[in-house]
Amino acid sequence: MTREKILEKTKAVIYECVPELEGVEIDENSVVNTDMGMDSMNFILVICKLEALFDVKIPERQWNKLSTLGEVVDAFEKRLKKK
Amino acid sequence: MRFQGFHEMIAYYARVTPDAPALLRPGKEGPEALSYAGLDAALTRRAGELKALNKTCLAVFSDGSEECVLTVLAAPEAGLQTVMLDDSLPDETAAMLLRYTDADCIWSADGEREEELRPFLTGGVIDGAGKILFFTSGTTEQSKAVVLTESSLCSSAWNGGCMLPLAREDTLLCMLPLAHVFGFVCGLLWGLSCGAAVALGRGVRHYGDDCAYYRPTALSAVPLLLGFLVTRRLFNSELRLVLVGAGDCPAQLIQAAEAAGLRVSFGYGLTETSSGVAISTRGDHFAMEICPDDEITLAGDGEILVRAPTCMMQGYYKREADTLAVLRDGVLHTGDLGSFDEDGRLHITGRKKDMLVLPDGTKLFLPEYEAGLAAALGTGELAVFLDKGVPALLLRSESPDEAAVREKIRPLMDAQPRGRQIGHIYFTEKELPRTATGKLRRWEIEKMIKEKEQ
């Protein structure tokens, strides 16, 4: 899967899980925290949905290091390449 | 029943109700039960295996699994000091905590991780048998390990059972991390000490469907988890009781849970007292009755003072001065402020310490946290405060550059659990308000932010 595709799917999941973001443009530099309406429970939800969607797992101890949307995409891209 | 040890507790129910389910864990076709008799036998085996290691201090990377629970419950019988660590800790933090706690062996479900951390093990301890170490707040570099024992933890569970008894037919769902004392006592021991079944939650990935999977009748939750379950209506129809603790809980959240037909109790306690010392059992949720083994008084300035002979910590691990600062003559100076109502029930009114209590129940000690940020940013003109349940940063700067600030604090943030990372960053050109001795006037800062937002 291409990086663009992963980014597109990740954004779709974020918009689905955080309805407050409707109409707000997010890009790879967007910080995925409360500033964009995503508390830690929402973040768990997003990661779990992405794991199910891409059929890969990101170890929980790496979750803290995922600050931006770009880093979330990087993490899934790396795992998908290993698959 | 009052118990002094974990295995003693399980052995009692193995005699009285041998076939009753003690633990429920995921199976191939739904939850599977391990009976009290089965758990008793498994603990005997595991204690023997741990003893055969010939080690002194076991660090447990707790993932809430059956294997993890067996190991933790058997470790004191094997003469080990146990260190409870969260499985999601970053490796660098885990390595530092292994050294601090003198761990000489590791339990982790992840064999690879065990290997990676092996170089950080130490020579062990001499007098650690039976001690169980829990970390206050979020296991940062400055966190302190609180020395508890099986006896203090069992007493705390007994306290909980007296205030909120569970029937043997009940199923308590254990969703919270066992490395947090509230999760360990109120998610696990509370159920076992009442002879009920404890359903072992399947981790954060199943927060959304564990209630439907296990069909519990009781649940312990931190406010953040309660909010997640309430807003998404994830409760099962059999659930009747929710114990909320480890942080301030918005009244609307409790009302929403009650509207869903649940009985909600709110608890107040600290890691230092092996979890709860006061629990609301009727009427006003924030009016809490004192647990039978505990005695609470108020200092002249309203600080809550706790005497809990059976549940009190032995002290902070290798931090004698820190222990003496809060525990004197058997009385714990909590740093929390409270009052009593006409019925003698306790109300929490605020915090005396420079400390934030986050929605997930962990505590953030502001002077240490702010010192870390100041070192990273090269300026002490900053303050951290709680903004919509998340730490926010106020920074004095004449040329605000949020991206640059985030880059500089990034290593510090990466080492923090997610809920403790800085959310919003505010900038001000004004000098931050301080007292004559240089301490931040935090209430004025909150006022400044409110004015900025208007």
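The values are calculated or read from the model by the stated rules, or taken from the named source; none is laboratory data. In this text the structure is predicted, and so the values were computed from the model without any measurement. Ideal geometry is used to build each Cβ from the backbone, glycine not excepted, and the neighbour counts take in all protein chains shown. For accessibility, only protein heavy atoms count, side chains too; no ligands or nucleic acids. Shrake-Rupley method; radii C 1.70, N 1.55, O 1.52, S 1.80 Å.
Among the residues of the range B:276-295, which ones are more than 14 Å from residue B:160 (Cβ to Cβ), modelled with pLDDT of 90 or more and open to solvent by 20 Å² or more (accessible area, probe 1.4 Å)?
Filtering the range B:276-295 down to residues more than 14 Å from residue B:160 (Cβ to Cβ) leaves B:282-287, B:295.
Narrowing the set further to residues that are modelled with pLDDT of 90 or more leaves B:287, B:295.
Correct list: B:295 only.
Considering only the range B:362-389, how many residues are open to solvent by less than 60 Å² (accessible area, probe 1.4 Å) and touching a Leu at 6+ places or on another chain (Cβ under 8 Å)?
Here the count works out to 16.
If only one of B:176, B:153 is within 14 Å of chain A (Cβ to nearest Cβ) and touching a residue at least 40 places away in the same chain (Cβ under 8 Å), which one is it? I'd like the intermediate steps shown before the answer.
Details: B:153 fails: within 14 Å of chain A (Cβ to nearest Cβ).
The conditions single out B:176.
Please verify whether the range B:258-275 includes one or more residues that are open to solvent by 40 Å² or more (accessible area, probe 1.4 Å) and assigned to a loop (DSSP other than H, G, I, E, B).
In the first step, residues of the range B:258-275 are kept if they are open to solvent by 40 Å² or more (accessible area, probe 1.4 Å); the result is B:258-261, B:263.
Right, trim to assigned to a loop (DSSP other than H, G, I, E, B) and you get B:260-261.
Yes, because at least one residue in the range B:258-275 is open to solvent by 40 Å² or more (accessible area, probe 1.4 Å) and assigned to a loop (DSSP other than H, G, I, E, B).
Count, please, the residues in the range A:29-49 that happen to be in contact with a strand residue (DSSP E or B) (Cβ under 6 Å, 6 or more places away or on another chain) and assigned to a helix (DSSP H, G or I).
Residues in the range A:29-49 being in contact with a strand residue (DSSP E or B) (Cβ under 6 Å, 6 or more places away or on another chain) and assigned to a helix (DSSP H, G or I): 1 in total.
Among the residues of the range B:322-339, which ones are at pLDDT 90 or above, hydrophobic (A, V, I, L, M, F, W, C) and open to solvent by 40 Å² or more (accessible area, probe 1.4 Å)?
B:324 - this is the single residue of the range B:322-339 that is at pLDDT 90 or above, hydrophobic (A, V, I, L, M, F, W, C) and open to solvent by 40 Å² or more (accessible area, probe 1.4 Å).
Just one of (1) closer than 22 Å to residue B:227 by Cα; (2) away from chain B (no Cβ under 14 Å) trips up residue A:39, so point out which.
Failed condition: (2).
This table checks each residue for (1) open to solvent by 40 Å² or more (accessible area, probe 1.4 Å); (2) more than 14 Å from every other protein chain (Cβ to nearest Cβ); (3) in a loop (DSSP other than H, G, I, E, B); (4) among the basic types (Lys, Arg).
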| position | (1), (2), (3), (4) |
| --- | --- |
| A:11 | yes, yes, no, yes |
| A:27 | yes, no, yes, no |
| A:51 | no, no, no, no |
| A:62 | yes, no, no, no |
| A:73 | no, yes, no, no |
| A:79 | yes, yes, no, yes |
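It is to be established whether one or more residues within the range B:297-307 are basic (Lys, Arg) and out of contact with any Asp or Glu (no Cβ under 7 Å at 6 or more places or on another chain). Outline the logic, then answer.
Initially, the range B:297-307 is screened for residues basic (Lys, Arg), giving B:307.
Of the ones still in play, those that are also out of contact with any Asp or Glu (no Cβ under 7 Å at 6 or more places or on another chain) are none.
For the range B:297-307, residues basic (Lys, Arg) and out of contact with any Asp or Glu (no Cβ under 7 Å at 6 or more places or on another chain): absent.
Do you know which of the residues in the range B:398-429 that are of a type in the set (Val, Ile, Thr) and more than 14 Å from residue B:376 (Cα to Cα) is farthest from the other protein chains (Cβ to nearest Cβ)? So that I can check it myself, show each step before the final result.
Taking the range B:398-429 as the starting set, the residues that turn out to be of a type in the set (Val, Ile, Thr) are B:405, B:409, B:422, B:425, B:428.
Narrowing the set further to residues that are more than 14 Å from residue B:376 (Cα to Cα) leaves B:425, B:428.
On the way: B:425: 9, B:428: 18 Å.
Residue satisfying both the conditions and the ranking: B:428.
Assess whether residue B:434 counts as being touching a helix residue (DSSP H, G or I) at 6+ places or on another chain (Cβ under 8 Å) and at pLDDT below 80. It would help to see each step written out before you state the result.
Details: touching a helix residue (DSSP H, G or I) at 6+ places or on another chain (Cβ under 8 Å): no; at pLDDT below 80: yes.
The answer is no for residue B:434.
Rundown of residues vs (1) of a type in the set (Asp, Glu); (2) in contact with a helix residue (DSSP H, G or I) (Cβ under 9 Å, 6 or more places away or on another chain); (3) at positive phi; (4) in the same structural domain as residue B:132 (by TED's automatic domain parsing), yes/no style:
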| position | (1), (2), (3), (4) |
| --- | --- |
| B:304 | no, no, no, yes |
| B:327 | no, yes, no, yes |
| B:331 | no, no, no, yes |
| B:336 | yes, no, no, yes |
| B:359 | no, yes, no, no |
| B:366 | no, yes, no, no |
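Which of the residues that make up the range B:80-93 are within 14 Å of another protein chain (Cβ to nearest Cβ), of a type in the set (A, V, I, L, M, F, W, C) and either part of a loop (DSSP other than H, G, I, E, B) or surrounded by fewer than 24 Cβ atoms within 10 Å (Cβ to Cβ) (or both)? First the steps, then the outcome.
Residues of the range B:80-93 within 14 Å of another protein chain (Cβ to nearest Cβ): B:85-93.
Of the ones still in play, those that are also of a type in the set (A, V, I, L, M, F, W, C) are B:85, B:89.
Scanning the range B:80-93 gives a single hit, B:89.
Residue-by-condition table, conditions (1) without any contact (Cβ under 8 Å) to a residue 60 or more places away in the chain; (2) within 14 Å of chain A (Cβ to nearest Cβ); (3) within 30 Å of residue B:372 (Cα to Cα):
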site: B:78; (1), (2), (3): yes, no, no
site: B:102; (1), (2), (3): yes, no, yes
site: B:125; (1), (2), (3): no, no, no
site: B:130; (1), (2), (3): yes, no, no
site: B:133; (1), (2), (3): no, no, yes
site: B:149; (1), (2), (3): no, no, no
site: B:168; (1), (2), (3): no, no, no
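Among the residues of the range B:202-225, which ones are closer than 24 Å to residue B:84 by Cα and within 13 Å of another protein chain (Cβ to nearest Cβ)?
If the condition is that a residue be closer than 24 Å to residue B:84 by Cα and within 13 Å of another protein chain (Cβ to nearest Cβ), then B:202, B:203, B:204, B:205, B:206, B:207, B:210, B:221, B:222, B:223, B:224, B:225 are the ones that fit.
Scan B:133, B:192, B:200, B:166 and give me the residue that is of a type in the set (A, V, I, L, M), open to solvent by less than 10 Å² (accessible area, probe 1.4 Å), touching a Leu at 6+ places or on another chain (Cβ under 8 Å) and within 26 Å of residue B:281 (Cα to Cα). Spell out how you get there, then give the answer.
Numbers: B:133 fails: within 26 Å of residue B:281 (Cα to Cα); B:192 fails: touching a Leu at 6+ places or on another chain (Cβ under 8 Å); B:166 fails: open to solvent by less than 10 Å² (accessible area, probe 1.4 Å).
Among B:133, B:192, B:200, B:166, only B:200 is of a type in the set (A, V, I, L, M), open to solvent by less than 10 Å² (accessible area, probe 1.4 Å), touching a Leu at 6+ places or on another chain (Cβ under 8 Å) and within 26 Å of residue B:281 (Cα to Cα).
Which of the following residues is small (Gly, Ala, Ser) and under 25 Å from residue B:320 (Cβ atoms): B:167, B:109, B:129, B:157? Let's see the steps before the verdict.
Values: B:167 fails: under 25 Å from residue B:320 (Cβ atoms); B:109 fails: under 25 Å from residue B:320 (Cβ atoms); B:157 fails: under 25 Å from residue B:320 (Cβ atoms).
Step by step, each of B:167, B:109, B:129, B:157 is checked, and only B:129 is small (Gly, Ala, Ser) and under 25 Å from residue B:320 (Cβ atoms).
Being open to solvent by 10 Å² or more (accessible area, probe 1.4 Å), over 22 Å from residue B:6 (Cβ atoms), out of contact with any His (no Cβ under 6 Å at 6 or more places or on another chain) and at pLDDT below 90: is that true of residue B:110 here?
Values: open to solvent by 10 Å² or more (accessible area, probe 1.4 Å): yes; over 22 Å from residue B:6 (Cβ atoms): yes; out of contact with any His (no Cβ under 6 Å at 6 or more places or on another chain): yes; at pLDDT below 90: yes.
It is true that residue B:110 is open to solvent by 10 Å² or more (accessible area, probe 1.4 Å), over 22 Å from residue B:6 (Cβ atoms), out of contact with any His (no Cβ under 6 Å at 6 or more places or on another chain) and at pLDDT below 90.
For residue B:350, are the conditions met, namely being surrounded by fewer than 18 Cβ atoms within 10 Å (Cβ to Cβ), closer than 26 Å to residue B:303 by Cβ and not hydroxyl-bearing (Ser, Thr, Tyr)?
Here the answer is yes, as residue B:350 does meet what is asked.
When you scan the range B:133-204 for helices (runs of 4 or more DSSP H) that lie fully inside it, which ones turn up with 3 or more residues that are within 24 Å of residue B:417 (Cβ to Cβ)? Give the steps one after another, and end with the answer.
Details: elements: B:150-163, B:181-184, B:190-193.
It comes to B:181-184.
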